[in-house]
Structure formats: C-alpha cells, structure tokens
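Below you'll find the structure, written out as structure tokens, and then a few comments.
Derivation of every value follows stated rules applied to the coordinates shown; laboratory data play no part. On a predicted model such as this, the values are computed, not experimentally measured, just so you know. Methodologically, a virtual Cβ is constructed for each residue, glycine included, from the backbone with ideal geometry; neighbour enumeration extends over all protein chains shown.
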Amino acid sequence: MLAILHTSRSADGYLLRGCEARGKSGAQEVARAHGGVCTAADLLAAGMSRPRIAAAVERGAIERLRRGVFADPGLSPAVKRAVHVGGRLACVSAARLHGLRVLHDPDELHVAVDAHATRLRHPDDSSRRLRPSEASAGVRLHWARGGSTGAAWVSLEECLVQMLTCLPELDALCALDSAREWVDWMPERPQLLDDAAFARLLEGVTPSLRLIARRSITGSQAVGETVARERFRAAGVPLRAQVPMPGGYWADLLIGERLIFDVDGEKPHTAPGAFDRDRARIGWLKAVGYAHISYSHRQVLGDWESIDHAVRMLMRRGVHLWGDGRGP
C-alpha cells in the first residue's frame, strides 16, 4: 500500500503556500511555488546560482530527484517516486491527493509519462533504467498524449479518466461518486467535480466508459454506499439512492417502495448526540410505515453474501412493498 500523504500538506496547500512564496529566492520556497517540484531552470530564474542550489541540496532544503529536478523534502513519497520515474503521480495513486475516496489502495505506483518519454528510471533507484515492459518495478505507466502540465501529479479530471480506464468499474465509481458528491443538507461542502466538468469528462472517454461514468451519482457519501448501490443494481434489486423521507429525513438507499437500507460509518454515528438522533429517525420512519435495515461499511465491504441473503429474505416476504397499495 502506498502512503500518499507524508505530511498534512495537501495539493491545495502546496499551491497556496506557493503563491505566498512568490518573490522569495529560497530553494524550498521556489519548489513549493511550483507545486512541490521544480527544475534547475526554475531555481536559476528565481535568482539562485548553481553553488547556492548545490548548498540547498547539501543542507536538505530541497531534494534532488533526477538530473535537474528538485523537490520540497516534505512532498509525498509517492509523488517523489513518480518524479523519479520521469512522470507525474497518476490514477489511483494520485486519487487521495484530490480528496477522492478509494476502494482499494494501489499495489503499484501509477505514473503518467509523456507518450514519447524514453529516459524513464526506477522509482527507487535513479541509476536504473525503467523499460515500459518491466513489471517487477511495481510501476504502471499511463502514456499521456498531451505531455506534462508541469505539475507533479495529474489533474482531477485526468485522474478520474485514468481510473475509469485502468481500474475495475466499482473502484472507478467510488472515486467518481466522491468527486461529484453534493447533497442538499451539506451545501457548504464543495463539489470537487461540478456538472460542467463531469460533462467534459464524459465527452473525453469512450462510449463504454461513458456508460459506466453515468452510473455515478451526486448523493453517495461513502464507499460503502456506492458498493451497496452497485451490487444491488447488478443483482436486479429495485432501488433509489438518497431518497427524501417523511419528517425531513433521508434514506441512503430505498429498496422497492418502503425498505430503507442504510450504510453506517463508525465516525459519524459515534459523534455526540448521533446515537439519539439515529434512534429518533429510525423510530419515526418505522412509525409511519417504513421497514429499516442497516449495516456497517465494514460489513458491506467484507460480508456482502450475508447482507444479500438478509435483503432477499425480506423481499420474499414483500417487506419492500406497501401491502395495501398505499404509501405512508
């Protein structure tokens, strides 16, 4: 498993501090102004001489990753390894840097490289050449036709397209759901990928990938919700996601007409007052006629067979339907 964040610094944090650092001539400030990674030309343009650059490397203010390429020492190890290779951190390896939810942590380093790149290196040994066919290095290359943007990791839209292309459908949908997440009761939470950006993404992928991407929704708030929704969908279970309920409540998933299926995370449901609020919500919804079943994220990810059996037993008894043909 790759450690994506070495410190609490985020991608946005680097960019913000970089803007604040403009005009300073320190090597580390120059690196931060370029997103954590800079070239010798960047340092020279900031007024640093070659002896000063060498001294900065010697005292640990910056790290030399490749010939003529330097980094802030606090940069994510995964980003540094991608730059060692000769590219940018990509796909699922870069997902957490963009604030995306990841179903499975990568067992390979995903690196985007220019389509014509030839001087690729091993991520942990810059003296070793990396051949595109070399699988033992634990690197998966993504050949980028557009070339590098100058950043040390791919953009959010690039990252999502790469995940759609490279990963199983469910993994890609977990990331897409998190990028598009926006719910009425949390308007202060910024949407990472708005509707216009999502439309651009759809235009840039193949028809088959477009069909997968269109299964993503804006209402999913956790990996477990995405996994449950997709597994029920694949099994032909009729459901809707994030459905408004009487009393101002919401259902993670509504199976059929009246069976509420919730996916509970430990952190939100152990917050002060959360237990009582949950009991009040469930009690009210049952009182007005809805049936309710819930599981933890851990159970959804690790014991789906038991969940599937339980839901099917309820459906065989018609619990998901209004018996008299009327709603609550």
To the nearest Å, what is the center-to-center distance of the stretch 61-89 and the stretch 148-218, using C-alpha atoms only?
26 Å
Considering only the other residues whose Cβ falls under 9 Å of the Cβ of Leu239, what net charge follows from Lys and Arg at +1 and Asp and Glu at -1?
+3
I'd like the FRET efficiency for Ile212 and Asp105, computed as 1/(1 + (r/R0)^6) with the beta carbon distance as r and R0 of 22 Å, rounded to 0.05.
0.55
When the chain is fully extended, how far beyond the present Cα-Cα distance does Ile282 get from Ser294, taking 0.36 nm per residue of separation?
3.3 nm
Here the FRET efficiency for Glu203 versus Ala40, based on Cβ atoms and R0 = 45 Å and rounded to 0.05, is 0.75
